[in-house]
Structure formats: structure tokens, C-alpha cells
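**Student:** Encoded as C-alpha cells, here's the structure I'll be asking about.
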Amino acid sequence: MAEKPRIKLPKEAAKGEIIQIKTLVSHVMESGQRKDAQGKPIPRKIINGFTCELNGKPVFACTLEPAISANPYIQFNARIEEAGTFKFAWTDDDGSVITAEEKIALKA
Amino acid sequence: MQYRYVGLVAAALAAVALGGVCASAQEAERKGIPAPRGHVFKTIISGYEFRTKETRALQDDDLENPGFLAVERAADVWKKAEGNEGKSCMSCHGEAEKSMNGVGAAMPKWDDKLNKPVNLEQRINICRTEKMKAEPWAFRSQPLTDMTAFVRYQSRGMPVSVKTDGPILQWFERGKQIYYTRYGQLDLACESCHERNNGKFMRADFLSQGQTNGFPTYRLRDQRLVPLHERFEGCMFDVRAEPFKPLSDEFLALELYVAWRGIGLPVETPAVRN
């Protein structure tokens, strides 16, 4: 399921402005605690990490734990000092990474 | 001494007044629409109004609303050709924003060829098998629920407007009969909770009017979109009855009747509920 994550941030911001970034990604976030109909444990499969960078510099990062529900929604703020490209990355337990990019410009 | 009593009385009066304000404020919070004449309710209220402000906030913001993940998935599938005819939904229907506008609000609808009403899930599968020559999607499968939500989303904000006259009337009456029939070991009808006791606090939750304007709806409990017939099944399971099968004639009749009970409510698909 390579689906596009949903990201919302302003297209442009004034220098020094603090903007809000909202992200939502589709994922089952299987905790590993549940059992299937046969009583066998369902293996854990969650997104265990999230990072956001602007022009290669870290903006925000967090670790996700099994208690987080499906389709994790992450919202955070960032101070904008320069125009550039945000890179978002969600790391799955199986090692795969869901990535996305968003551009931001400085207000003239 | 006397002063003290005055104080007490004043406090008691204030408490009564405050209680009154709270109760009416809570009711005033639940905004509904006036029902047409001959309807069972005076005011038709969406399930949205019975949910907490946190749940409502999740629905209010299209980005936060996880139901949109499904809508976006289906928007891609809409354009994807499948089946032996090499057609996609788009080959016949073009842009869903135009062609599907208002379609979901009027379902279930009478089908002359089948001589019975069909709902959105069935209509999508009829298209797949007859027009696209593709495999029908299974009920409860992600693609079918996604597509149902996507098509219904094109009617978001439009009033629910099912037709109940003509040949479909029989089905309407059947649905009504099911609605008022008590089922299961707990001996409850839909009416017992959603008509007689809606608005009351049961277990940890408010009973709603049981409206269907938000379906398929993202249930926080299931962490996915849930189609209407699965919800019907859940209700019947909860009263310890043997549920009808999804997409059965019984649930179809009930879907039609319950849609009428919410006639005029704006479609909220994809809604967010508990």
C-alpha cells in the first residue's frame, strides 16, 4: 500500500514565522498484542519513527509506539528561516519508508 | 442565623437555575432540521451532534479526517481500467465530481431491470460485472467501501433525498416493519433505542437517532471506514440476534426506511463516529 500521505502546510511564510504542519498517513498500526481467529498472535507492524527535515536540517522527529491507533496523525510547528523543501519520512517496522516532499517559499 | 438560611436558599436557587441552563444548553447544542409532516421525529438530528467535540473536530477538518484516506484511494481507483472491457469508472462517468454529484444522497434507488431497489455498493458492483466485466468487490472489502465513500462524498452537504413512492413503497413498508420489530435475546427493536431513547446516555455514549447520512463512516472503534450494513449487523449482534446478511433484502429495505428517517439531512460522508 504505497499511498500518498496527506500533508497540509502553507505555501509560503514570512521569514521567522512559525507555521503549523499537519500530516496524516495511512497505516494499520498493528500493535502485536492482538490474536487472530485461530488464536495466533498477529505480528506487530507499526510505523516506529517519523522525521521531518527542511533542506536536510532536522525540523521534527518522533518515535511511535504500538499503542498509537491506525492512520497516525502528527501535527507540529516549525519556524521558517529560509525557503526550501520539506522532506517527510515515516519508517515502518519492516524497514520500508513512506516519503513525501512539500515546498515552501518565503513571502516577498 | 436568618442570613445563613437566605444564603442557602439563594445557593439552592442558583443551583436549580444553573442546572436548567446546562440541560437546555446541551439540547440547544444538538442542532437538527425540522422534519416534514407525517415524519416520526419533530427534529431530525445527525449523529454528528451526539458526538464529543473532539470527534466532531476530527470530522470538521478534512485533513485530519482519516476517512479521506479512503476517498483519495478510491479517487485513484476511479481512473484505473479493470476487467475485460478495459474500462474504468471514468470511461463512462467522466469526472466523478460532476457525474456523481447527488447520486449518493438518493440511494437506495429503484432499479427497473432488477425490479428491486439497489444501494450504492450494489450499484458499484453491477457496474463492475456488467459494464467493466470485472470481478465484483466483496462486501466489507476495502476497495468497495472506499469507492462507496468516494461516490457518496460527491454528494457531501446535499440533503438525503430517497424516493419512497411507486414500486419501492413495498420495500419502504418492509423496512419500517423491520425497524419496529424486536429482535434477539435482549428483545430490542431499532426503535427501542434510536426513536424512544435517543439523546440519553447509555453505557459510555449518547444514543443517536440512528441516522445514516454519514455512512460509510470512519469509526474510531474499528479505525477504518465502516459500511452501513456492517453497522446494522453490529447493532443486531449487540442485541444478541442473528443478524441478516449484508446486502440482503432485509437490510436493503431497512436502509431505505432509515434513509427516509433522515430525509433532508446533509450527507456527511466520510463522517467520523465512535
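The values are calculated or read from the model by the stated rules, or taken from the named source; none is laboratory data. The model shown is predicted, which means the values in this text are computed figures rather than measured ones. Cβ sites come from the backbone with ideal geometry, for glycine too, and all protein chains shown count toward neighbours. For accessibility, only protein heavy atoms count, side chains too; no ligands or nucleic acids. Shrake-Rupley method; radii C 1.70, N 1.55, O 1.52, S 1.80 Å.
**Student:** Want the number for A:K87 to A:N55: 0.36 nm per residue separation, take away the alpha-carbon distance, what's left?
**Tutor:** Working: separation 32, 0.36 × 32 = 11.52 nm, distance 0.78 nm.
So the extension gain works out to 10.7 nm.
**Student:** Excluding B:G210 itself, calculate the net charge of residues whose Cβ lies under 12 Å from the Cβ of B:G210, where each Lys or Arg counts +1 and each Asp or Glu counts -1.
**Tutor:** On the way: positive: B:R196, B:R231, B:R261, B:R273; negative: B:E191, B:E195, B:E255.
Spelling it out: positives minus negatives among the neighbours equals +1.
**Student:** Can you return the lysines within cross-link range of B:K87? Criterion is Cα-Cα under 25 Å, with same-chain partners fewer than 8 residues away left out.
**Tutor:** Within reach: A:K4, B:K79, B:K98, B:K109, B:K113, B:K131, B:K133.
**Student:** Separate question: Would you please state which residues of the range A:77-95 a label at A:K15 would reach in this model, taking the label point 7 Å out along Cα→Cβ and a backbone N cut-off of under 14 Å?
**Tutor:** A:80-84
**Student:** Near the amide H of B:V160, under 5 Å away, which other amide H atoms are found, from residues 5 or more places off or on another chain, if H is placed in the peptide plane?
**Tutor:** B:G264, B:L265, B:V267
**Student:** What nm distance separates the two modelled labels at B:H39 and B:D165, each placed 7 Å from Cα along Cα→Cβ?
**Tutor:** My value for the distance between the label points is 1.8 nm.
**Student:** Suppose each label sits 7 Å from its Cα in the direction of the beta carbon; what would the B:Q223-B:E72 distance come out to in nanometres?
**Tutor:** My value for the distance between the label points is 1.9 nm.
**Student:** If you roll a 1.4 angstrom probe over the protein chains with everything in place, what fraction of the accessible area of chain A belongs to carbon and sulfur, to the nearest %? It would help to have the intermediate numbers written out before the result.
**Tutor:** On the way: 3260 of 6360 Å².
Accessible surface attributable to carbon and sulfur in chain A totals 51 percent.
**Student:** What is the Å³ per residue value for the convex hull set by the Cα atoms of chain B? Spell out each step's value before the answer.
**Tutor:** Working: hull volume 41.7 nm³, N = 274.
That works out to 152 Å³ per residue.
**Student:** Which order do B:D61, B:D238 take by accessible area at a 1.4 Å probe, largest first?
**Tutor:** On the way: B:D61 25, B:D238 95 Å².
Of B:D61, B:D238, the descending order of accessible area is B:D238, B:D61.
**Student:** Still on this structure, please answer the following. If you plug each phi of the range A:33-39 into the Karplus form 6.51 cos²θ - 1.76 cosθ + 1.60 with θ = phi - 60°, what whole-Hz ³J(HN,Hα) values come out, in order, with x for Gly and Pro?
**Tutor:** Running phi through 6.51 cos²θ - 1.76 cosθ + 1.60 with θ = phi - 60° gives 9, 8, 10, 8, 4, 7, x Hz.
**Student:** Right, another one. Give, ordered by residue number, each residue of the range B:208-256 whose 1.4 Å probe accessible area is reduced by a minimum of 20 Å² on adding the remaining protein chains to the chain alone.
**Tutor:** Output list: B:Y218, B:Q223.
**Student:** Let me ask something additional. Sketch the reach of a paramagnetic label on A:K8 as a point 7 Å from Cα along Cα-to-Cβ, and name the residues of the range B:60-100 whose backbone nitrogen lies under 13 Å away.
**Tutor:** B:60-69
**Student:** Evaluate the relative contact order of chain B (contact order divided by residue number), counting alpha-carbon pairs under 8 angstrom at least 6 apart; express in whole percent.
**Tutor:** Numbers: 434 pairs, mean separation 67.7, N = 274.
Relative contact order here is 25 percent.
**Student:** Further question: Residue separation times 0.36 nm, minus the C-alpha to C-alpha distance between A:K45 and A:S31: what's the value?
**Tutor:** Working: separation 14, 0.36 × 14 = 5.04 nm, distance 0.66 nm.
Full-extension gain reported as 4.4 nm.
**Student:** Accessible area per residue of the protein assembly as shown at 1.4 Å probe, in Å²?
**Tutor:** Values: 20830 Å² over 382 residues.
For the protein assembly as shown, the per-residue accessible area is 55 Å².
**Student:** Would you mind getting me the FRET efficiency between B:T181 and B:L114? Use the beta-carbon distance for r and R0 = 25 Å, nearest 0.05.
**Tutor:** On the way: r = 25 Å, r/R0 = 1.02.
Rounded to the nearest 0.05, the efficiency is 0.45.
**Student:** Given a 1.4 Å probe and no ligands, DNA or RNA in the count, how much accessible surface is buried by B and A, both sides, to the nearest 100 Å²?
**Tutor:** Accessible area lost upon association: around 1200 Å².
**Student:** In whole Hz, what ³J(HN,Hα) sequence does the range B:73-83 give by Karplus (6.51, -1.76, 1.60; θ = phi - 60°), x for Gly and Pro?
**Tutor:** Listing the rounded values in order: 4, 5, 4, 6, 5, 3, 8, 8, 6, 9, x Hz.
**Student:** On to the next question. Report the longest stretch of chain A that contains none of the trypsin sites (Lys or Arg not before Pro) sitting in a DSSP loop with at most 16 other Cβ atoms within 10 Å. Write out the running numbers ahead of the final one.
**Tutor:** Details: sites that count: A:K11, A:K15, A:R34, A:R44, A:K107.
Maximal segment without exposed cleavage sites: A:45-106.
**Student:** A follow-up question, please. With θ set to phi - 60°, apply the Karplus curve 6.51 cos²θ - 1.76 cosθ + 1.60 along the range B:107-123 and write out the HN-Hα couplings as whole Hz, x wherever there is a Gly or Pro.
**Tutor:** 8, x, 10, 5, 10, 5, 5, 7, 6, 7, x, 10, 9, 5, 4, 5, 4
**Student:** In addition: Counting only protein chains, not ligands or nucleic acids, how are B:V239, B:V40, A:V28 ordered by accessible area (probe 1.4 Å), most first? Intermediate values should be presented prior to the final figure.
**Tutor:** Working: B:V239 25, B:V40 60, A:V28 80 Å².
In descending accessible area the options line up as A:V28, B:V40, B:V239.
**Student:** Cross-link candidates for B:K116: which aspartates and glutamates have Cα within less than 19 Å, leaving aside residues fewer than 8 places away along the same chain?
**Tutor:** B:E130, B:D165, B:E173, B:D249, B:E250, B:E255
**Student:** While we're here: Top mean-square fluctuation among B:F139, B:F215, B:F201, Gaussian network model of chain B, C-alpha springs under 10 Å?
**Tutor:** Taking springs between Cα atoms under 10 Å, the residue moving most is B:F201.
**Student:** Excluding residues fewer than 8 places away in the same chain, name every one of the aspartates and glutamates whose C-alpha is closer than 17 Å to that of A:K103.
**Tutor:** A:E12, A:E17, A:E53, A:E81, A:E82
**Student:** Given R₀ = 35 Å, what would the calculated FRET efficiency be for B:K31 paired with A:C62, taking r from the Cβ atoms and rounding to 0.05? Spell out each step's value before the answer.
**Tutor:** Values: r = 38 Å, r/R0 = 1.08.
My answer for the efficiency is 0.40.
**Student:** Let a ≥ b ≥ c be the square roots of the eigenvalues of the Cα gyration tensor of the range B:150-233; is it rounded (a/c under 1.5), or, if not, prolate (a/b larger than b/c) or oblate? Spell out each step's value before the answer.
**Tutor:** Details: a/c = 1.82, a/b = 1.05, b/c = 1.73.
It comes out oblate by the Cα gyration axes.
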